[in-house]
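Worksheet: the structure to be examined is printed underneath.
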Amino acid sequence: MANGKQKKSKKKIYIFGGIGVVIIALILFALFGGNKEEIVQVQTEPVAKRDITQTVSATGKINSEFKVTITPEVTGEIVSLPVKEGDLVKKGQLLIKIKADAYVAQQQRAEANLSSAKSSLALNKAQLDKITADYNRTKEMHIKKLASDSDLETAKSTYLSAVANYEGAQATILQMEASLKETNQSLYKTTINSPMDGTISQLNVQLGDRVLGSGFSQGTDIMTVSDLRSMIATVQVDENDVVLVALGDTARIKVDAYGDRIFKGTVYQIGNSATATGTGTQEQVVNFDVKIRLIDADPGLRPGMSCNATIETQTINNVLSIPIQSVTARSEDQKTDETKKDEDNSNSNVIDKKEKKATVTKPKEVVFVVQNNKAKMKEVKTGLSDDNYIEIKEGLKNGEMVVSGSYRAISRDLNDGSKVKLEEKKTTSAKK
């Protein structure tokens with residue numbers, strides 16, 4: 001019996017002893033392991049002086065600066081088309097000839113009508129001369145009392161009628177001459193010559209096609225003559241960026257067909273009218289046309305090629321700058337201890353209580369500077385930026401090491417006073 005009791009007593013000691021060891025281990029872990037501060041791995045880059053160029057990016061098409069769309073003014077069948085797409089043409093060179101048979105017939109008819117009107121005018125002139133002489137004689141005889149008042153009135157009426165017929169014949173002559181001139185113009189317009197030196201950049205018709213004149217409608221676009229020696233890029237710039245663009249700004253243009261080759265250009269026209277797409281939807285976009293004249297255009301450039309333009313809107317030299325990803329936005333809690341105490345006061349007015357409970361936050365631009373293996377948060381004032389760097393106007397000194405990566409560390413993990421560990425990163429050479 002005694003041995004049994006001793007065995008049970010030892011068993012309890014082992015059990016309670018094991019439990020005690022576990023509890024002590026948990027306490028030690030909570031005290032030492034649980035309070036272990038997390039170390040954030042970061043990349044750094046020094047604050048340095050650089051040249052910052054602000055840019056605006058846009059996409060568009062390559063076009064010729066000078067081009068003419070050829071549209072006929074008369075209707076008919078194409079009977080001559082001596083050019084093809086891609087041909088070089090000179091000013092005044094024949095481009096197209098439209099069948100002129102109908103217009104020749106109209107010309108002959110107008111000429112015949114004019115001849116008839118001239119003959120009628122001559123006849124009326126002869127009659128007017130005779131009636132004028134008779135009227136003058138009647139007036140003399142009336143003065144001498146040899147003709148009655150009735151004879152004078154009859155002679156005068158006949159004279160005025162003859163004058164009206166003569167003037168009507170003259171008006172008919174003017175009308176026939178105008179009709180003949182119009183017919184001659186239509187006949188002349190059946191032949192279309194090049195209005196400029198250039199290249200047939202687009203040809204929309206073939207020999208034998210029937211084209212419509214633009215007299216009463218839009219007409220047929222026959223072809224386009226372009227001066228490929230002077231090329232431009234017409235790009236669409238967002239409404240928020242177009243205010244940054246000015247005439248004369250330098251632009252770098254990449255044409256899809258030319259790979260990584262960069263063409264230089266200058267802005268020479270900024271559109272005043274907006275072009276909207278997706279109107280009335282959440283995807284609505286408002287752009288403005290900006291035209292860039294290419295300085296070093298290649299002879300192989302063709303109208304309609306896709307391009308991307310980077311317009312340099314402003315440049316500042318030798319200013320403090322840091323990597324653009326180093327700047328992040330943080331909110332600052334403006335709640336005071338007095339406000340917190342008031343929130344707990346149950347006798348406060350409901351409206352006042354709601355106002356005091358509200359936490360006022362102000363987003364601010366901050367960066368993290370590494371000092372003694374710790375991150376120190378500093379508020380900064382920024383300026384212009386390019387694709388890689390941003391100007392620092394206030395808050396940092398030249399040479400300070402700012403955290404430049406990773407994105408997660410900058411945006412989420414780091415706080416003021418966080419311990420950090422540096423990891424290697426390829427740095428970009430700074431212009432000092």
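The values are calculated or read from the model by the stated rules, or taken from the named source; none is laboratory data. None of the values given here were measured: they were computed from a predicted structure. Cβ placement follows ideal geometry from the backbone for every residue including glycine, while neighbour counts extend to all protein chains displayed.
For the range 163-231, please list each of the strands (runs of 3 or more DSSP E) lying entirely inside it that holds at least 1 residues being within 19 Å of Val104 (Cβ to Cβ) and modelled with pLDDT of 90 or more. Steps first, answer last, please.
Working: elements: 191-193, 198-203, 223-226.
Correct list: 191-193.
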Original post:
Of all residues in the range 227-257 being small (Gly, Ala, Ser) and in contact (Cβ under 8 Å) with a residue 40 or more places away in the chain, which is surrounded by the most Cβ atoms within 10 Å (Cβ to Cβ)?
Top reply: Ala233
Original post:
Could you list, in sequence order, the residues of the range 41-96 that are more than 17 Å from Met223 (Cβ to Cβ), assigned to a strand (DSSP E or B) and among the charged types (D, E, K, R)?
Top reply: Glu45, Lys49, Arg50, Asp51, Lys61
**OP:** Find all pairs meeting these conditions: Cβ atoms under 7 angstrom apart; at least six residues apart or on different chains; first residue within the range 393-420 and in the same structural domain as Asn373 (by TED's automatic domain parsing) and on the phi > 0 side of the Ramachandran plot; second residue buried (at least 17 other Cβ atoms within 10 Å of the Cβ) and part of a loop (DSSP other than H, G, I, E, B).
**Re:** Gly395/Val380; Gly399/Val47
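So if I check each of Ser119, Ser115, Ser148, which one is among the hydroxyl-bearing types (Ser, Thr, Tyr), in contact with a helix residue (DSSP H, G or I) (Cβ under 8 Å, 6 or more places away or on another chain) and without any contact (Cβ under 8 Å) to a residue 12 or more places away in the chain?
On the way: Ser119 fails: in contact with a helix residue (DSSP H, G or I) (Cβ under 8 Å, 6 or more places away or on another chain); Ser115 fails: in contact with a helix residue (DSSP H, G or I) (Cβ under 8 Å, 6 or more places away or on another chain).
Sole residue among the options that is among the hydroxyl-bearing types (Ser, Thr, Tyr), in contact with a helix residue (DSSP H, G or I) (Cβ under 8 Å, 6 or more places away or on another chain) and without any contact (Cβ under 8 Å) to a residue 12 or more places away in the chain: Ser148.
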**OP:** Would you be able to say whether some residue in the range 157-179 is without any contact (Cβ under 8 Å) to a residue 60 or more places away in the chain, touching a His at 6+ places or on another chain (Cβ under 9 Å) and not aliphatic (A, V, I, L, M)?
**Re:** no
Original post:
In the range 385-416, what residues are of a type outside the set (A, V, I, L, M) and part of a strand (DSSP E or B)?
Top reply: Ser385, Tyr389, Glu391, Lys393, Glu394, Ser404, Gly405
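Which one is modelled with the lowest pLDDT, of the residues in the range 293-344 that are in a loop (DSSP other than H, G, I, E, B) and acidic (Asp, Glu)?
Residues of the range 293-344 in a loop (DSSP other than H, G, I, E, B): 295-305, 327, 334-336, 344.
When the remaining residues are screened for being acidic (Asp, Glu), the result is 296, 298, 344.
Numbers: Asp296: 82, Asp298: 86, Asp344: 48.
The qualifying residue modelled with the lowest pLDDT is Asp344.
Can you name every residue in the range 250-292 that is assigned to a strand (DSSP E or B), within 14 Å of Glu239 (Cα to Cα) and not hydrophobic (A, V, I, L, M, F, W, C)?
Residues of the range 250-292 assigned to a strand (DSSP E or B): 250-255, 262-277, 285-292.
Then drop every residue that is not within 14 Å of Glu239 (Cα to Cα), which leaves 270-277, 285-290.
Of everything in the range 250-292, those that are assigned to a strand (DSSP E or B), within 14 Å of Glu239 (Cα to Cα) and not hydrophobic (A, V, I, L, M, F, W, C) turn out to be Gly271, Asn272, Ser273, Thr275, Thr277, Asn287, Asp289.
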